[in-house]
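Enquirer: Dumping the structure here so I can ask a few things about it.
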Amino acid sequence: MHADPSPLALIGHSPAAARALRELGVVALSVPTDDLRATLEACATLHFSGALVHPSQELRVADVAQPDAVARQVGRVDAVAFAAGIHGTCALIDALSDTLEASGYATRGASALLLGHSAHDLALALPLMRLGFTDVGVAAETALEAERATRHLPAGLRAYPLSRRDSALTGLAERADLLVLSGGGLPSGLAQPYHTVVDLTGKLSSAPGGASLLDLSALGTHRAARQLLHATGQRFHADELREIARALSQDRSG
């Protein structure tokens with residue numbers, strides 16, 4: 001059993017989350033959300049190990065915690081650690097990479113096309129490019145936004161920033177193996193049968209053009225594992241966190 005004497009704070013989560021965490025051996029307590037700065041400072045003073053943040057509170061917590069580089073880039077915090085400060089991260093980012101790796105998709109040597117609105121939403125997809133891709137097209141509403149996003153790509157990766165309306169978009173898609181949608185819609189006719197599509201918007205029930213839609217059903221468990229690692233320092237296997245992930249997805253009223 002993964003027991004920890006320091007309690008874990010739940011920010012915006014339903015009582016079901018506390019019950020599910022208790023089954024795992026983690027003592028978790030819901031905390032007030034009306035004044036998050038005061039709440040986080042109190043948690044640090046009372047020696048809470050960390051906090052898990054519901055999606056409805058991620059933007060607010062990002063404003064009052066000390067976000068790491070990843071959290072600053074996406075403007076969201078979903079987990080907090082209270083060791084020597086109030087340190088926030090966005091565990092979702094690494095969880096996306098974990099999910100893609102666990103799917104068995106062959107990333108090494110592949111090429112990708114990232115499609116978003118702005119550098120802000122494209123930031124969710126950029127860490128996937130650490131998994132061995134060789135080149136990537138980055139499309140946003142404007143070429144300037146796409147160029148801003150490419151500044152955060154791994155060194156050595158060939159990047160091609162462009163506007164969604166650029167005529168070169170079709171050519172980049174034809175050469176890509178993976179299409180990653182982080183914002184907006186998937187342009188008509190872009191997806192082909194040889195493509196795999198990663199939909200980070202949650203809007204696609206199936207991939208158009210005969211393409212394959214990557215199964216992201218395990219994302220919640222990988223995210224919970226990453227959140228708990230940051231907030232408690234304990235490592236949990238994603239497979240043992242199915243009930244936790246389900247409970248963490250509910251809001252406080254749910």
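The values are calculated or read from the model by the stated rules, or taken from the named source; none is laboratory data. Everything quoted here is computed from the prediction, not taken from an experiment. A quick note on method: Cβ atoms are made from the backbone with ideal geometry, for glycine too, and the neighbour counts reach across all protein chains shown. With ligands, DNA and RNA removed, areas are computed over all heavy atoms of the protein, side chains included. Shrake-Rupley method; radii C 1.70, N 1.55, O 1.52, S 1.80 Å.
Enquirer: Filter the range 41-83 down to residues that are in contact with a strand residue (DSSP E or B) (Cβ under 8 Å, 6 or more places away or on another chain), surrounded by fewer than 19 Cβ atoms within 10 Å (Cβ to Cβ) and among the charged types (D, E, K, R), then give me how many there are.
Expert: Matching residues across the range 41-83 total 1.
Enquirer: Given the conditions (1) in contact (Cβ under 8 Å) with a residue 12 or more places away in the chain; (2) assigned to a helix (DSSP H, G or I), which single one is not true for TYR160?
Expert: All conditions are met except number (2).
Enquirer: What is the number of the single condition among (1) assigned to a loop (DSSP other than H, G, I, E, B); (2) surrounded by fewer than 21 Cβ atoms within 10 Å (Cβ to Cβ) that GLU240 does not meet?
Expert: (1)
Enquirer: Then there is this: Quick one: would you say ALA224 is modelled with pLDDT of 95 or more and touching a Pro at 6+ places or on another chain (Cβ under 7 Å)?
Expert: When the stated conditions are applied, ALA224 does not pass them.
Enquirer: Same structure, new question: Considering only the range 222-251, how many residues are among the small types (Gly, Ala, Ser) and touching a Leu at 6+ places or on another chain (Cβ under 9 Å)?
Expert: Residues that pass the stated criteria total 5.
Enquirer: Here's something else I'd like to know. Here are some conditions: (1) within 20 Å of GLN234 (Cα to Cα); (2) basic (Lys, Arg); (3) not in a helix (DSSP H, G or I). ARG76 meets all but one. Which one does it not meet?
Expert: Of everything listed in (1) within 20 Å of GLN234 (Cα to Cα); (2) basic (Lys, Arg); (3) not in a helix (DSSP H, G or I), ARG76 misses just condition (1).
Enquirer: Could you tell me whether ALA149 is touching a His at 6+ places or on another chain (Cβ under 6 Å) and either part of a helix (DSSP H, G or I) or among the acidic types (Asp, Glu) (or both)?
Expert: Judged against the criteria, ALA149 is not a match.
Enquirer: Still on this structure, I have one more. Only one of these conditions is not met by ALA143: (1) open to solvent by 10 Å² or more (accessible area, probe 1.4 Å); (2) within 22 Å of the chain's Cα centre (by Cα); (3) modelled with pLDDT of 95 or more; (4) not aromatic (Phe, Trp, Tyr). Which number is it?
Expert: (2)
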